[in-house]
1. Once you sort the root eigenvalues of the Cα gyration tensor of region 1-153 as a ≥ b ≥ c, which label holds: rounded (a/c under 1.5), prolate (a/b larger than b/c) or oblate (the other case)?
2. With +1 on each Lys and Arg Cβ and -1 on each Asp and Glu Cβ, how big is the dipole of the chain about its Cα centre, in debye rounded to the nearest 20?
3. Which of rounded, prolate or oblate describes region 196-312 when judged by the alpha-carbon gyration tensor and an a/c cut-off of 1.5?
4. How much accessible area per residue does the chain have, in Å², with a 1.4 Å probe?
5. What's the FRET efficiency of Met159 with Ala120 using the Cβ-Cβ distance as r and R₀ = 25 Å, to the nearest 0.05?
6. Taking θ = phi - 60°, what integer Hz values does the Karplus form 6.51 cos²θ - 1.76 cosθ + 1.60 yield along region 53-66, in sequence order, with x for Gly and Pro?
7. Rounded, prolate or oblate: which fits region 258-313 when a ≥ b ≥ c are the square roots of the eigenvalues of the alpha-carbon gyration tensor, with rounded for a/c under 1.5 and prolate only if a/b beats b/c?
8. Got a number for carbon plus sulfur as a percent of the chain's accessible area, 1.4 Å probe?
Amino acid sequence: MGNPEGKEGMTPAELVRTEAAALEALAARLDGAMAEDFDRAVELVVRCGEGRGRVVVTGMGKSGIIAQKIAATLSSTGSPALFLHPAEAVHGDLGVLMPGDVVVALSASGETEEILRLLATLKRKGDALISFCCNLESTLARASDVVLDVGVEREACGMNLAPTASTTAMLALGDALAIAVSLRKGFKAEDFADLHPGGKLGKKLKLVRDLMHAGEAIPVVSAATAMTDVIYEMSRKKLGLTTVQDAGKLLGVISDGDLRRLLEREGGAALEMTAGEAMNAKPRTIAAQELAARALAELEERKITSLVVVDGEGRVEGVLHLHDLWGMELI
């Protein structure tokens, strides 16, 4: 059956440590000799986005699989990107490359035949060529505007042949590039949420504006509204409160709890009061662009069931109820 460890003394843990060592070496280069080249690559990608260009990532074989992941990470962090298969490119797919695009080419050897066949066109049509190579003297490296070193001391396999440590280094470098670009652009959690509307991640990144009750669903009375009409509005809108507004601006809130405490304290006289006399003039509020998860934390910390959503000038935009957050897997 042969030695499952690949070679004498090479355990699975040692294979992982070999990949970890490759990442440590990559990190050291990013801190030192490669820092300036990496910054140039970031600047090229940022400038590409400002000109409405895209990042076209290409690679063959295992490097191609890593290239697809890098393209996906760039896109999900605010830098439009796509994967170009180098073998398919020479059969028409090269038409996706447009002036202003930046190409990121992955090739450990720097001599991948399918990529070298594209070099002349890549240089002519694209805005810049960035390469991830182990061999900095290779044809691809010499043709690149920026070459980033993903060289490794050895691959993490007993025969030192299978792309393992080198592809791990490519993957980590691609992540570093994508995140550095997103930070340079000021990419925020709200932007990330807009690009991830589905699944569990999308739920965690929902914004208050996505879940709040707005428009006619907002319970609203004026400060002069009689308490009987306040109770009617609260019952009709079924959110456990009503806002008290003046020309759209929030004056206060009357909640079910406020009403109950008022009746316990004042008895029947409470029904003779107006909304302005009974309201809580300092209710808890939140902005529409806040994450729903933050709203949930606020509701739980304050032990309340609703938040009024207001803009920067205090105008009411909606009401967010605890029930709207249940089942959203925000924790």
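The values are calculated or read from the model by the stated rules, or taken from the named source; none is laboratory data. In this text the structure is predicted, and so the values were computed from the model without any measurement. Glycine also receives a Cβ, built like all others from the backbone with ideal geometry; neighbour counts cover every protein chain displayed. SASA here: full protein model, heavy atoms, side chains in, ligands and nucleic acids out. Shrake-Rupley method; radii C 1.70, N 1.55, O 1.52, S 1.80 Å.
1. In terms of gyration-tensor shape, prolate.
2. Values: 36 positive and 47 negative charges, 87 e Å.
So the magnitude is around 420 debye.
3. Judged from the Cα gyration tensor, region 196-312 comes out prolate (a/c at least 1.5, a/b above b/c).
4. Dividing the accessible area of the chain by its residue count gives 51 Å².
5. Once rounded, the FRET efficiency stands at 0.10.
6. So the Karplus estimates, Gly and Pro as x, are x, 10, 9, 9, 9, 9, x, 10, x, 4, 4, x, 5, 5 Hz.
7. Cα axes put region 258-313 in the oblate bin.
8. Ligands and nucleic acids excluded, carbon and sulfur give 53 percent.
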